[in-house]
Amino acid sequence: MRTALFQSSGRPGSVVENLKVLDEAAGRAAAAGAGLVAAPEMFLTGYAIGDDIARLAEPADGDWADAIAEIATRHGVAVAYGYPEREGETVYNSAQLISADGTRLANYRKTHLFGCFERDHFTPGEQPVVQADLNGLRIGLMICYDVEFPENVRAHALAGTDLLVVPTAQMHPFQFVAESVVPVRAFENQMYVAYVNRVGPEGEFEFVGLSTLAGPDGIARTRAGRGEELVLADADPDFLAASREANPYLKDRRPGLYGSLV
(Lines give C-alpha, C1' and ligand atoms only; values in the text may rest on other atoms or scores of the structure.)
Protein backbone atom coordinates (compact mmCIF):
# COMPACT_ATOMS: atom_id res chain seq x y z
CA MET A 1 0.00 0.00 0.00
CA ARG A 2 1.42 3.36 -0.98
CA THR A 3 1.61 5.45 2.17
CA ALA A 4 1.92 9.25 2.24
CA LEU A 5 3.50 11.03 5.19
CA PHE A 6 2.35 14.64 5.45
CA GLN A 7 5.09 16.43 7.38
CA SER A 8 3.56 19.71 8.51
CA SER A 9 2.66 21.70 11.60
CA GLY A 10 -0.35 23.13 9.78
CA ARG A 11 -1.67 26.35 11.24
CA PRO A 12 -1.52 26.03 15.05
CA GLY A 13 -4.71 27.19 16.74
CA SER A 14 -6.95 27.02 13.65
CA VAL A 15 -8.85 23.81 13.03
CA VAL A 16 -10.55 25.30 9.97
CA GLU A 17 -7.22 26.11 8.32
CA ASN A 18 -5.74 22.74 9.25
CA LEU A 19 -8.67 20.95 7.63
CA LYS A 20 -7.99 22.94 4.45
CA VAL A 21 -4.29 22.05 4.58
CA LEU A 22 -5.08 18.38 5.15
CA ASP A 23 -7.62 18.40 2.32
CA GLU A 24 -5.00 19.68 -0.11
CA ALA A 25 -2.44 17.12 1.07
CA ALA A 26 -4.96 14.28 0.80
CA GLY A 27 -5.67 15.31 -2.77
CA ARG A 28 -1.98 15.23 -3.66
CA ALA A 29 -1.52 11.88 -1.91
CA ALA A 30 -4.46 10.32 -3.73
CA ALA A 31 -3.21 11.64 -7.07
CA ALA A 32 0.11 9.90 -6.37
CA GLY A 33 -1.67 6.59 -5.77
CA ALA A 34 -1.60 6.54 -1.97
CA GLY A 35 -4.05 4.38 -0.05
CA LEU A 36 -3.27 6.16 3.22
CA VAL A 37 -2.14 9.64 4.17
CA ALA A 38 -0.88 10.22 7.73
CA ALA A 39 -0.61 13.60 9.47
CA PRO A 40 1.38 14.41 12.64
CA GLU A 41 0.53 14.42 16.33
CA MET A 42 -2.07 17.05 17.30
CA PHE A 43 -2.28 18.13 13.67
CA LEU A 44 -5.85 19.39 13.77
CA THR A 45 -5.29 21.99 16.47
CA GLY A 46 -1.57 22.50 16.82
CA TYR A 47 0.61 21.12 19.60
CA ALA A 48 1.99 24.05 21.61
CA ILE A 49 -1.31 25.90 22.06
CA GLY A 50 -1.60 25.76 25.86
CA ASP A 51 -5.10 25.92 27.32
CA ASP A 52 -6.60 25.97 23.83
CA ILE A 53 -5.98 22.21 23.84
CA ALA A 54 -8.84 21.71 26.28
CA ARG A 55 -11.00 24.33 24.58
CA LEU A 56 -10.64 22.75 21.15
CA ALA A 57 -10.79 19.11 22.23
CA GLU A 58 -13.64 17.09 20.67
CA PRO A 59 -15.04 13.56 20.97
CA ALA A 60 -13.69 10.95 18.57
CA ASP A 61 -16.98 11.04 16.66
CA GLY A 62 -17.28 14.84 16.66
CA ASP A 63 -17.58 17.36 13.87
CA TRP A 64 -13.89 17.16 12.98
CA ALA A 65 -14.10 13.43 12.43
CA ASP A 66 -17.04 14.03 10.14
CA ALA A 67 -15.08 16.67 8.23
CA ILE A 68 -12.10 14.35 7.80
CA ALA A 69 -14.40 11.50 6.73
CA GLU A 70 -15.67 13.81 3.99
CA ILE A 71 -12.09 14.58 2.92
CA ALA A 72 -11.22 10.87 2.87
CA THR A 73 -14.32 9.99 0.85
CA ARG A 74 -13.91 12.80 -1.66
CA HIS A 75 -10.30 11.90 -2.41
CA GLY A 76 -10.65 8.13 -2.01
CA VAL A 77 -7.79 7.83 0.51
CA ALA A 78 -7.68 6.73 4.16
CA VAL A 79 -6.53 9.38 6.65
CA ALA A 80 -4.70 9.03 10.00
CA TYR A 81 -4.34 12.19 12.08
CA GLY A 82 -3.56 13.46 15.56
CA TYR A 83 -5.98 15.56 17.62
CA PRO A 84 -7.03 16.32 21.22
CA GLU A 85 -9.88 14.00 22.19
CA ARG A 86 -12.44 14.90 24.84
CA GLU A 87 -14.43 12.32 26.79
CA GLY A 88 -16.44 14.13 29.45
CA GLU A 89 -13.96 16.26 31.38
CA THR A 90 -10.97 14.15 30.33
CA VAL A 91 -8.68 15.13 27.45
CA TYR A 92 -6.44 12.65 25.62
CA ASN A 93 -3.70 13.07 23.04
CA SER A 94 -5.23 10.86 20.36
CA ALA A 95 -4.84 9.59 16.82
CA GLN A 96 -7.65 8.37 14.61
CA LEU A 97 -7.78 6.34 11.40
CA ILE A 98 -10.62 6.91 8.93
CA SER A 99 -11.05 4.75 5.83
CA ALA A 100 -11.45 5.94 2.24
CA ASP A 101 -15.20 5.39 2.52
CA GLY A 102 -15.41 7.60 5.62
CA THR A 103 -15.64 4.83 8.24
CA ARG A 104 -13.94 5.46 11.58
CA LEU A 105 -11.67 2.41 11.86
CA ALA A 106 -9.59 3.01 14.98
CA ASN A 107 -8.93 5.58 17.69
CA TYR A 108 -5.84 5.50 19.93
CA ARG A 109 -4.98 7.47 23.06
CA LYS A 110 -1.31 8.16 23.74
CA THR A 111 -0.17 5.92 26.59
CA HIS A 112 3.20 7.52 27.42
CA LEU A 113 3.07 11.29 27.90
CA PHE A 114 6.28 13.24 27.36
CA GLY A 115 7.36 15.97 29.75
CA CYS A 116 5.48 18.43 31.93
CA PHE A 117 3.66 20.03 29.00
CA GLU A 118 1.84 16.85 28.04
CA ARG A 119 1.24 15.71 31.61
CA ASP A 120 -0.32 19.11 32.38
CA HIS A 121 -2.77 18.92 29.46
CA PHE A 122 -3.57 15.24 28.88
CA THR A 123 -4.55 12.03 30.60
CA PRO A 124 -2.64 8.94 29.41
CA GLY A 125 -4.51 6.23 27.54
CA GLU A 126 -4.64 2.68 28.87
CA GLN A 127 -4.92 0.56 25.69
CA PRO A 128 -1.47 -0.10 24.20
CA VAL A 129 -2.51 -1.94 21.04
CA VAL A 130 -5.13 -0.45 18.73
CA GLN A 131 -5.42 -1.91 15.22
CA ALA A 132 -7.57 -1.94 12.10
CA ASP A 133 -7.39 -3.76 8.77
CA LEU A 134 -6.86 -1.58 5.70
CA ASN A 135 -6.08 -2.57 2.12
CA GLY A 136 -4.68 -5.96 3.06
CA LEU A 137 -2.53 -4.71 5.94
CA ARG A 138 -3.11 -4.67 9.67
CA ILE A 139 -2.55 -1.07 10.74
CA GLY A 140 -1.50 -0.18 14.28
CA LEU A 141 -1.60 3.28 15.84
CA MET A 142 0.87 4.82 18.26
CA ILE A 143 1.91 8.41 19.04
CA CYS A 144 5.45 9.84 19.22
CA TYR A 145 7.05 8.99 22.62
CA ASP A 146 5.19 5.66 22.68
CA VAL A 147 7.47 4.24 19.97
CA GLU A 148 10.53 4.85 22.15
CA PHE A 149 9.37 2.09 24.52
CA PRO A 150 10.37 -1.26 22.98
CA GLU A 151 7.66 -3.08 24.93
CA ASN A 152 5.00 -1.03 23.17
CA VAL A 153 6.16 -1.89 19.68
CA ARG A 154 6.79 -5.54 20.55
CA ALA A 155 3.18 -5.78 21.76
CA HIS A 156 2.12 -4.65 18.29
CA ALA A 157 4.41 -7.19 16.64
CA LEU A 158 2.90 -10.02 18.71
CA ALA A 159 -0.59 -8.79 17.81
CA GLY A 160 0.24 -8.95 14.09
CA THR A 161 0.63 -5.29 13.18
CA ASP A 162 2.03 -4.92 9.66
CA LEU A 163 2.25 -1.12 9.41
CA LEU A 164 2.62 0.93 12.58
CA VAL A 165 1.49 4.53 11.99
CA VAL A 166 3.05 6.98 14.44
CA PRO A 167 1.87 10.62 14.34
CA THR A 168 4.68 12.52 16.02
CA ALA A 169 5.77 15.84 17.51
CA GLN A 170 9.49 15.05 17.69
CA MET A 171 11.55 18.00 18.82
CA HIS A 172 15.20 19.10 18.92
CA PRO A 173 17.54 17.62 20.15
CA PHE A 174 15.98 14.16 19.84
CA GLN A 175 16.25 13.73 16.07
CA PHE A 176 18.18 10.49 16.57
CA VAL A 177 14.80 8.85 17.24
CA ALA A 178 13.71 9.48 13.65
CA GLU A 179 17.15 8.71 12.26
CA SER A 180 18.04 5.59 14.27
CA VAL A 181 15.40 4.34 16.72
CA VAL A 182 12.52 4.07 14.25
CA PRO A 183 14.39 1.92 11.68
CA VAL A 184 15.59 -0.34 14.51
CA ARG A 185 12.03 -0.72 15.84
CA ALA A 186 10.89 -1.73 12.36
CA PHE A 187 13.70 -4.30 12.05
CA GLU A 188 13.51 -5.89 15.49
CA ASN A 189 9.72 -6.21 15.27
CA GLN A 190 9.47 -7.11 11.58
CA MET A 191 6.99 -4.46 10.51
CA TYR A 192 6.78 -1.20 8.61
CA VAL A 193 6.84 1.94 10.77
CA ALA A 194 5.49 5.23 9.40
CA TYR A 195 6.74 8.05 11.63
CA VAL A 196 5.24 11.40 10.59
CA ASN A 197 6.47 14.52 12.33
CA ARG A 198 5.69 18.18 12.82
CA VAL A 199 8.20 20.73 11.57
CA GLY A 200 9.66 24.10 12.57
CA PRO A 201 9.25 26.33 15.65
CA GLU A 202 6.08 26.27 17.71
CA GLY A 203 5.91 27.85 21.16
CA GLU A 204 8.87 26.62 23.18
CA PHE A 205 9.54 23.71 20.82
CA GLU A 206 11.51 23.21 17.60
CA PHE A 207 10.19 20.24 15.64
CA VAL A 208 12.80 18.47 13.55
CA GLY A 209 10.85 16.89 10.68
CA LEU A 210 12.73 13.85 9.29
CA SER A 211 9.51 11.85 8.85
CA THR A 212 10.26 8.34 7.64
CA LEU A 213 8.72 5.08 6.58
CA ALA A 214 11.09 2.29 7.65
CA GLY A 215 10.82 -1.30 6.43
CA PRO A 216 11.28 -4.61 8.26
CA ASP A 217 14.86 -4.69 6.95
CA GLY A 218 15.61 -1.53 8.94
CA ILE A 219 15.98 0.56 5.79
CA ALA A 220 14.11 3.84 5.33
CA ARG A 221 11.93 3.70 2.23
CA THR A 222 11.55 7.47 2.32
CA ARG A 223 12.73 10.28 4.56
CA ALA A 224 11.61 13.91 4.62
CA GLY A 225 13.88 16.84 5.30
CA ARG A 226 13.33 19.68 7.77
CA GLY A 227 10.56 21.57 5.96
CA GLU A 228 6.91 21.00 5.14
CA GLU A 229 6.77 18.05 2.77
CA LEU A 230 4.66 15.17 1.49
CA VAL A 231 6.71 11.99 1.02
CA LEU A 232 5.49 8.60 -0.18
CA ALA A 233 6.66 5.00 0.00
CA ASP A 234 5.16 1.53 -0.30
CA ALA A 235 4.40 -0.93 2.48
CA ASP A 236 4.68 -4.24 0.60
CA PRO A 237 2.95 -7.24 2.23
CA ASP A 238 4.91 -9.73 0.11
CA PHE A 239 8.25 -8.26 1.15
CA LEU A 240 7.04 -8.21 4.75
CA ALA A 241 6.07 -11.90 4.66
CA ALA A 242 9.45 -12.86 3.18
CA SER A 243 11.31 -10.77 5.75
CA ARG A 244 9.40 -12.35 8.62
CA GLU A 245 10.20 -15.81 7.28
CA ALA A 246 13.91 -15.00 7.10
CA ASN A 247 14.26 -13.07 10.35
CA PRO A 248 14.15 -15.19 13.55
CA TYR A 249 13.59 -12.49 16.20
CA LEU A 250 9.96 -13.22 16.95
CA LYS A 251 10.32 -17.00 16.56
CA ASP A 252 13.39 -17.12 18.83
CA ARG A 253 11.84 -15.24 21.73
CA ARG A 254 11.86 -16.95 25.16
CA PRO A 255 8.98 -15.27 27.03
CA GLY A 256 9.60 -17.34 30.18
CA LEU A 257 12.79 -15.34 30.75
CA TYR A 258 11.12 -11.95 30.56
CA GLY A 259 8.93 -11.93 33.65
CA SER A 260 11.19 -9.44 35.41
CA LEU A 261 10.35 -6.83 32.77
CA VAL A 262 6.91 -6.35 34.29
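Some notes on this structure:
- The set of residues in segment 175-192 that are touching a His at 6+ places or on another chain (Cβ under 9 Å) and not in a helix (DSSP H, G or I) contains only MET191.
- Restricting ALA67, ALA60 to those that are open to solvent by 10 Å² or more (accessible area, probe 1.4 Å), among the small types (Gly, Ala, Ser) and over 27 Å from MET171 (Cβ atoms) reduces the list to ALA67.
- The set of residues from segment 204-222 being more than 15 Å from the chain's Cα centre (by Cα) and in contact (Cβ under 8 Å) with a residue 40 or more places away in the chain comprises GLU204, PHE205, PHE207, THR222.
- Odd one out for ALA25, checked against (1) in a loop (DSSP other than H, G, I, E, B); (2) buried (at least 17 other Cβ atoms within 10 Å of the Cβ): (1)
- Filter result for LEU97 (touching a residue at least 12 places away in the same chain (Cβ under 8 Å), over 25 Å from VAL37 (Cβ atoms) and open to solvent by less than 40 Å² (accessible area, probe 1.4 Å)): no
- Of all the residues in segment 154-174, those that are open to solvent by 10 Å² or more (accessible area, probe 1.4 Å) and part of a strand (DSSP E or B) number 1.
- Where a residue in segment 141-158 is in contact (Cβ under 8 Å) with a residue 12 or more places away in the chain and more than 14 Å from VAL196 (Cβ to Cβ) and its partner, wherever it lies, is of a type in the set (D, E, K, R) and surrounded by 17 or more Cβ atoms within 10 Å (Cβ to Cβ), with Cβ under 7 Å and at least six apart: ASN152/ASP146; VAL153/ARG185
- Taking segment 1-33 as the range and being of a type in the set (Gly, Ala, Ser), under 14 Å from VAL199 (Cβ atoms) and in contact (Cβ under 8 Å) with a residue 40 or more places away in the chain as the test, the residues that pass are SER8, SER9, ALA25.
- Scanning segment 204-251 for residues that are part of a strand (DSSP E or B) and aromatic (Phe, Trp, Tyr), we see that the one that is farthest from ASN135 (Cα to Cα) is PHE205.
- Being in a strand (DSSP E or B) and open to solvent by 10 Å² or more (accessible area, probe 1.4 Å) is true of ARG138.
- The set of residues from segment 28-56 being open to solvent by less than 10 Å² (accessible area, probe 1.4 Å), closer than 14 Å to GLY82 by Cβ and not aromatic (Phe, Trp, Tyr) comprises VAL37, ALA38, ALA39, PRO40, GLU41, MET42, LEU44, THR45, GLY46, ILE53.
The values are calculated or read from the model by the stated rules, or taken from the named source; none is laboratory data. On a predicted model such as this, the values are computed, not experimentally measured, just so you know. Note: ideal-geometry Cβ built from the backbone for every residue, glycine included; neighbour counts use all protein chains shown. Note: accessible area is taken over every heavy atom of the protein model, side chains too, but ligands, DNA and RNA are not part of it. Shrake-Rupley method; radii C 1.70, N 1.55, O 1.52, S 1.80 Å.
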